[in-house]
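S.K.: To start, I am sharing the structure in question, which I have written as structure tokens.
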């Protein structure tokens with residue numbers, strides 16, 4: 001049995017015409033001799049009747065504090081509605097289909113409401129319907145605990161559903177249809193010259209997602225890498241083949257190729273905090289870090305020097321973080337709003353001169369570097385938010401990301 005899993009976003013499913021177009025795409029895939037499992041997101045965007053953000057607004061009209069279990073029960077209805085509508089559209093178009101909730105599809109999750117993780121998938125029910133020559137439409141973003149409680153997988157969770165189903169079903173490939181041509185070298189709303197990447201490794205995609213690029217849910221990338229899922233991200237109806245994501249060795253090229261950097265990512269809503277140290281004692285900085293962790297404040301870009309502790313937090317957490325440190329007796333310096341801009345590429349591993357090019361590009365664009373961090377495949381710089389766009393465009397130009405494709409990783413064959 002050859003299976004293709006296809007995930008469709010809410011914008012594609014928001015209108016009867018859009019759902020009919022999706023049905024035609026599914027029917028065309030079936031004509032290739034493959035069975036199809038379709039994963040549906042909640043229809044529409046914020047303001048549309050059944051979009052996820054609309055449902056959140058609806059319940060908050062009653063009160064801001066929402067019990068997590070209750071919220072998950074409500075939010076899961078968005079995907080359930082779109083799943084039923086798509087299955088009905090398919091059947092009316094002559095393509096028999098069945099709709100399944102996450103629970104009916106055998107998706108077992110942890111009991112962390114609003115941010116559950118998939119533990120396992122029992123594909124028996126899906127396979128039984130596929131053997132009856134039906135298209136199986138599964139509600140994304142949701143699952144069920146061992147106790148029968150409905151859970152949701154967090155923002156972008158339908159991508160995770162699709163990739164996990166691909167792994168459980170040993171699918172030929174998973175296709176995720178979005179409103180862009182594929183994974184882009186940068187956010188095209190910020191960098192007009194951004195282009196679609198033809199092929200990329202799961203490691204690079206995971207880094208992009210973690211560093212702010214809205215390309216794929218990090219958990220989806222982790223599942224895909226672990227299970228060797230062949231994943232394609234593309235725009236429906238486009239002649240462009242989209243972006244294929246695979247494990248590095250499957251690309252059949254050296255890890256170090258002609259392009260050290262393959263993409264950029266950014267986080268626009270961070271703030272830097274600094275506290276001065278009067279001695280080299282690690283006890284006080286340790287107490288500060290432990291206190292922040294105990295209050296659920298995640299920190300990033302950490303620099304611990306003999307005279308200074310510097311780190312960043314999300315803008316929404318800066319006031320709480322500063323107050324906690326002040327209460328511990330730490331003098332705190334809070335920066336103006338910042339952004340974290342990053343370059344990503346497996347090809348920079350062990351290659352000298354990449355950081356020098358970053359500094360040169362940002363200096364030439366009159367961008368001040370406030371803090372840095374790096375790994376084998378990433379370099380991140382903290383910059384003032386008003387300089388973020390200049391920084392991204394300068395780095396995109398410096399590493400030739402808008403030029404004709406030369407990277408061996410991105411060539412055919």
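S.K.: Mind sorting 348, 388, 355, 1 by how few other Cβ atoms lie within 10 Å of their own Cβ, fewest first?
M.R.: Ascending Cβ contact count within 10 Å gives the list 1, 355, 388, 348.
S.K.: Expressed as an acute angle from 0 to 90° and rounded to the nearest 10, what is the orientation of the C-alpha long axis of helix 388-398 relative to the principal long axis of the chain?
M.R.: Approximately 80 degrees, to the nearest ten.
S.K.: Based on DSSP, what percent of beta bridges with both residues in the chain are antiparallel, to the nearest 5?
M.R.: 60 percent
S.K.: Next question. What value, in deg cm²/dmol to 500, does the helix sum -39500 (n - 2.57) over DSSP H runs of n ≥ 4 give at 222 nm once divided by the residues of the chain?
M.R.: That comes out to -10000 deg cm²/dmol.
S.K.: Cut-off is 10 Å between beta-carbons; in what order do 369, 81, 43 appear when sorted fewest neighbours first?
M.R.: Sorted ascending by nearby Cβ count, the order is 369, 81, 43.
S.K.: Taking Cα pairs under 8 Å and at least six residues apart, what relative contact order does the chain come out at, in percent?
M.R.: Computed value for the chain: 13 percent relative contact order.
S.K.: Let a ≥ b ≥ c be the square roots of the eigenvalues of the Cα gyration tensor of the stretch 3-179; is it rounded (a/c under 1.5), or, if not, prolate (a/b larger than b/c) or oblate?
M.R.: oblate
S.K.: Can you sort 334, 36, 150 by how many other beta carbons sit within 10 Å, fewest first?
M.R.: Listed from fewest to most nearby Cβ atoms, that is 334, 150, 36.
S.K.: Taking the 0 to 90 degree range and rounding to the nearest ten, how far is the long axis of helix 68-92 tilted relative to the main principal axis of the chain, both from C-alpha atoms?
M.R.: Around 40 degrees separate the two axes.
S.K.: Which residue, 335, 199, 326, tops the fluctuation ranking in a GNM of the chain built on C-alpha contacts under 10 Å?
M.R.: In this elastic network of the chain, the residue with the biggest mean-square fluctuation among 335, 199, 326 is 326.
The numbers here are math on the coordinates, done by the rules we state, and not lab data. Bear in mind that the values here come from a model prediction, so they are computed numbers and not experimental data. No Cβ is skipped: glycine too gets one built from the backbone with ideal geometry, and neighbour counts run over all protein chains shown.
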